[in-house]
Every structure is written in C-alpha cells, then in structure tokens.
Amino acid sequence: MFRIGTVPYQVAQPLTAGLAGRDDIELVVAPPAQLAEMLASDRLDCALASSVLSLGDSDLFLWADGPVVASIGSIKSVLLMLRPGCNSLSGVKRWAADPNSHTGRALAGIVLTQNKVDAVMVDVEGDAFGTEAGVDAVQIIGDPALDAVAKYADWTVIDLGDEWYRLTNLPFVFAGWLFKDADKFSDIAPLLEVTAESNCAAYAESGLHYHLDVKQIEMSLQQFAQWISS
C-alpha cells in the first residue's frame, strides 16, 4: 500500500484524479501545512506538496522529471489581496499569511521584499478580511482565493505568479511530488505519471503548467531558494 498525499484544491485534480479508487493507494487529502508535517514524520510515502519544502537542507526531494503545479505568469489562485484604500504594494505595512501555505507565504514575502516594501507578516485568527484584522493585505491560495476574488470585489488583486515572472522571467513551481525514500518512490512514480498523462490535457486552457523542462524547474527553484535565504 502506497501512502500518497495531495492538497484539497482544484489545481491538483489533473495529477491525482483516479488515485483514490486504487486498492494499492491510500490517498490522503490535506492542506499543504498538514502534508508537510506528515511527510516529516514519515506518515506519507510522497505528497503533492509545497515546493519550498524541498529547498535548503531538507531531506525531501522534488521529482523534477515528473509533473508539477506551476505557472508561467498568472496563476489566479495564489494571491496577495490588498484592502480597499491600499491600491499598490507600496502601501502594505502589515499582511496576513495563509496558515496552510508554505510556498505562497514565502513567495508573497519575496515579492514584497523585491519591491522594496518593508511589511510585517502577521498571523490572524478568524477572518483575515475583516476590518478587525488590521492588515493591509491578505495572502491566500487555492479555491478559497478564487472565492475571495468574487466575494471581495473591491479589494485589489495581486497575482503572485505574475509578480514572480515579472521579477525573474522564469516559471514558478508552486508544488510537486515530494518524497524521502528514492527507492520506494521509483515504484510510485509510474502510477503518478500515467495519471497525469491521462488528465492534464483537459486543463490545457487553465493557465496552469503541469509539465516543465527540468532545467526550468531547477533555475526557478534555485532563484526561489536564493531569495528565501537572503
């Protein structure tokens, strides 16, 4: 039995559709932060998880030859939303980070820093969009981000995929298949590859990129790691 984790967002569907119905797979659906904990404690054999978890001195590897969740420009579901009255990044003094998002919050921090914005990240309990939260911007990912755009139409939307591409002229790898045990993953990888091949075509118009050249992935992650550590 292979223990495979994935996120509860639409962007993951092309890479995981059909896995739940297999007798040889236990598919665990959980937010990115929870998947990170499960990978660290060896409760999963692999997971479609935040790319940032593979950087630095991590003992997790990202399957660069396999499918990823990436953007070349707009991603539409990884956002920094600015409160009414704060119409540009330069006006952000305090921002709330999505507690479920390792990569998204790191990317938001990089975008602010590279735009020479000295803003404080805060954790907010409850509704970060509420006036009592006292923040100028909210970083949010996944389906909740898509819902927030419709619900808070008076907020300014900053697409973090667009911002990364403007800064680097590189794609951004939000997530990929992460694992510790290379030998065991070699048995899992063919199952994941077949699933992706059969489902990604249906999402060709989504703006998401599920397959990138390995060199592109490496260059993007190297730049991401460099800015995180600086």
Test: residue in the stretch 8-27 that is assigned to a loop (DSSP other than H, G, I, E, B), within 30 Å of residue 131 (Cα to Cα) and touching a residue at least 24 places away in the same chain (Cβ under 8 Å): yes
Criterion: surrounded by fewer than 23 Cβ atoms within 10 Å (Cβ to Cβ), outside any loop (DSSP other than H, G, I, E, B) and out of contact with any Cys (no Cβ under 7 Å at 6 or more places or on another chain) - qualifying residue of 3, 43: 3
Check on residue 138, β-branched (Val, Ile, Thr), within 21 Å of the chain's Cα centre (by Cα) and crowded, with 20+ Cβ neighbours inside 10 Å: yes
Residues that are modelled with pLDDT of 90 or more, open to solvent by 40 Å² or more (accessible area, probe 1.4 Å), out of contact with any helix residue (DSSP H, G or I) (no Cβ under 8 Å at 6 or more places or on another chain) and among the aliphatic types (A, V, I, L, M), drawn from the stretch 194-230: 214, 219
Residues being open to solvent by 30 Å² or more (accessible area, probe 1.4 Å) and either out of contact with any Gly (no Cβ under 9 Å at 6 or more places or on another chain) or on the phi > 0 side of the Ramachandran plot (or both) - total across the stretch 7-40: 11
Helices (runs of 4 or more DSSP H) (entirely within the stretch 77-188) containing at least 2 residues that are at pLDDT below 95 and under 27 Å from residue 60 (Cα atoms): 102-114, 142-151
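Sort through 83, 94, 166 and tell me the only one that's closer than 25 Å to residue 208 by Cβ and either of a type outside the set (Gly, Ala, Ser) or within 16 Å of the chain's Cα centre (by Cα) (or both).
166 is the lone residue from the list that is closer than 25 Å to residue 208 by Cβ and either of a type outside the set (Gly, Ala, Ser) or within 16 Å of the chain's Cα centre (by Cα) (or both).
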Selection within the stretch 55-106 - polar (S, T, N, Q), closer than 21 Å to residue 170 by Cβ and buried (at least 21 other Cβ atoms within 10 Å of the Cβ): 71, 77, 101, 103
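The values are calculated or read from the model by the stated rules, or taken from the named source; none is laboratory data. Quantities reported herein were computed from a predicted structural model and do not represent experimental measurements. Backbone-built Cβ (ideal geometry, glycine too); neighbour counts: all protein chains shown. Ligands, DNA and RNA are excluded from the accessible area calculation, which covers all protein heavy atoms including side chains. Shrake-Rupley method; radii C 1.70, N 1.55, O 1.52, S 1.80 Å.
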